[in-house]
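The block underneath contains the structure these notes are about, expressed in structure tokens.
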Amino acid sequence: MAMITSVELNYLVFRYLHESGFVHSAFALGYEAGINKSTIDGNLVPPGALVTFVQKGLQYLELEANLSNSDTDVDDDFSFLQPLDLITKNVYELRQIIKEKKENLQKDKEKEKEKEYDHEHEREREHVRVRERDRQEREKEFERERERERERLEKERVKEKEKEKEKEKEKEKQHEEYIDKELGKDREEKPKTKPEEHENGGGPEPMDISTSFPSTCEIASSDVTILEGHTSEVFACAWSPTGSLLASGSGDSTARIWTISDGPCSATTQSGPSKSLVLKHFKGRTNEKSKDVTTLDWNAEGTLLATGSYDGHARIWTRDGELKNTLTKHKGPIFSLKWNKKGDSLLSGSVDKTAIVWDVRSGEWKQQFEYHSAPTLDVDWRNNVSFATCSTDSMIYVCKIGERAPIKIFSGHQGEVNAIKWDPTGSLLASCSDDFTAKIWSLKQDKCLHDLREHTKEIYTIKWSPTGQGTNNPNQQLLLASASFDSTVKLWDVEQGVMLSSLNGHKEPVYSVAFSPSGEFLASGSFDKCIHIWSVKDGRLVKTYTGSGGIFEVCWNKEGDKVAACFSNSTVCVLDIRM
């Protein structure tokens with residue numbers, strides 16, 4: 001180890017005094033220390049040598065203080081220590097100072113991150129609030145348009161009635177004149193015409209007969225069961241895939257499991273806690289708005305129900321209404337929730353821009369997928385290990401458990417992508433957007449296979465028919481249905497990418513469509529309060545029901561003889577559909 005002698009130190013101090021202009025002090029030190037007798041060659045000592053030497057010593061102390069016994073890397077930031085600290089404190093004290101300052105710095109960084117997260121979360125919540133306000137404004141505008149339409153139709157009906165009355169009067173008058181004329185002829189002379197000539201002769205024209213669709217049938221109230229109990233709008237409903245249980249999720253911070261008896265529906269109203277299991281998403285009596293149940297899904301066995309809430313938590317319940325697990329990691333409302341077919345994983349998509357795959361047994365998250373730059377609106381499994389996500393950022397990502405990057409990226413939509421659905425074989429992905437289009441994608445190429453452009457407003461949802469390869473109806477053609485804010489439902493031939501039929505019976509936005517298990521019929525629910533049942537084969541409207549509120553979702557039971565619908569007026573209806 002290199003050491004400095006007192007003679008060398010005296011010489012450095014002497015040079016420092018001399019260079020700094022302290023001539024008398026330098027002379028006194030040089031005389032007393034015998035600098036003139038030193039063997040040191042002054043030409044080899046650079047100017048400012050003492051200051052450089054002291055600085056290097058301080059740097060060494062800093063270096064030593066920043067290194068712990070186990071450290072192999074040196075922290076680049078030496079701003080924790082002041083020169084006075086280095087001179088007055090030993091290495092142990094210096095290390096304590098550095099440790100405390102690093103901890104304080106880390107706390108400050110964490111606080112900054114929390115602030116940034118709070119700002120980001122607030123921006124996301126504001127985005128959701130803006131969407132909700134826009135939706136409410138659209139609904140109000142639709143209500144106003146509908147009222148104006150009613151008034152216009154009422155005026156037209158009044159005019160038509162007046163015209164009909166005028167026509168009737170005119171025909172009666174003509175008929176009377178004709179009778180009078182014929183009677184006059186009979187009095188004057190005997191008829192000269194043959195009976196057959198008289199029958200084919202000129203007389204009054206036949207009356208126009210107003211006809212309606214003979215195959216369209218308003219569902220009788222005796223075939224409807226109304227389920228009451230929720231105290232706010234009901235956003236979601238789903239039949240158990242194995243039994244007669246119906247689940248519903250509401251803005252009142254609860255989900256409910258209803259037991260629906262087999263056989264025909266009856267004109268009854270089920271209400272009260274005795275008729276359903278109430279799954280509370282809050283503690284105590286308060287039903288916080290932040291805990292709206294936004295989505296729900298049964299596992300394939302019908303033994304577990306998953307619910308997603310506005311508070312960012314996913315919950316798993318037994319069919320008996322017992323809370324089995326609460327899954328917490330999302331930082332914003334959950335808008336989509338799906339079980340994989342195997343039933344060992346649950347997939348959730350949130351406003352926090354991420355999707356998470358959960359291990360159902362442990363209740364822990366397996367992997368969080370953070371690819372989107374805006375809220376995740378929908379998720380859908382392709383198979384037990386891969387899935388797709390879509391977002392308000394217009395992007396679609398295909399992901400796989402264990403992979404750190406998307407296995408496929410689909411870009412092409414020019415607006416928010418509202419829904420995505422894999423076909424029954426998992427080879428085609430359908431998507432729909434605020435850009436008025438639906439698209440069909442294949443993993444074999446980057447661009448969409450088909451760009452479906454017949455709607456004139458935003459497309460809210462899409463559904464594949466349970467037909468074709470991979471279904472219980474393999475000999476029937478695979479179709480896609482799309483529901484739009486333009487009040488129509490359209491059926492598409494996905495092989496050719498062309499529209500087969502446009503179902504135009506609704507008067508307001510259509511929020512939900514669902515195929516019957518056989519694929520023969522399609523149910524649609526709209527904010528015009530109507531549920532329509534259509535024949536897929538020829539596009540005919542075969543049954544219809546008008547409820548008391550806008551409809552958010554419709555779904556068929558596994559037998560295909562009942563349709564459930566959830567309404568904005570806090571009710572759920574079950575319709576008996578027996579063709």
Problem set entry | the range 357-490: relative contact order as a whole-number percent, Cα under 8 Å and 6+ apart | 14
For this session: Could you name the lysines whose alpha carbon sits less than 30 Å from that of Lys155, not counting residues in the same chain fewer than 8 places away?
Result: Lys140, Lys163, Lys165, Lys167, Lys169, Lys171, Lys173, Lys457, Lys507, Lys529, Lys543
Exercise. Beyond 19 Å, what share of the Cα-Cα pairs of the range 492-574 remains, rounded to the nearest whole percent?
Worked result: 36
For this session: Set the Förster distance to 35 Å, then compute FRET efficiency between Asn569 and Asp446 from the Cβ-Cβ distance, nearest 0.05.
Result: 0.20
Problem set entry | Extension gain, Ile401 back to Gln136 (0.36 nm per residue minus Cα-Cα distance, nm) | 91.6 nm
Exercise. Which value in nm describes the separation of the simple spin-label points at Glu364 and Val7, placed 7 Å from the Cα toward the beta carbon?
Worked result: 7.0
Exercise. Too long at a 31 Å Cα-Cα cut-off: which of Lys102/Lys400; Lys102/Lys331; Lys291/Lys439?
Worked result: Lys102/Lys400; Lys291/Lys439
For this session: Sticking with the crude label model, points 7 Å out along Cα→Cβ, report the distance from Thr303 to Asn43 in nm, one decimal please.
Result: 9.6
Problem set entry | Length gained when the stretch Ser222-Glu110 is fully extended (0.36 nm per residue, less Cα-Cα span) | 34.1 nm
Problem set entry | Cα centroid separation, the range 405-419 to the range 221-257 (Å) | 32
For this session: Could you please state, rounded to a whole Å, how far the C-alpha centre of the range 1-52 is from the C-alpha centre of the range 347-375?
Result: 70
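Coordinate-derived values only; no laboratory data. Only a predicted model underlies this, so the values are computations on that prediction, with no experimental measurement involved. Here Cβ is always computed from backbone atoms with ideal geometry, including for glycine, and neighbour counts include all displayed protein chains.
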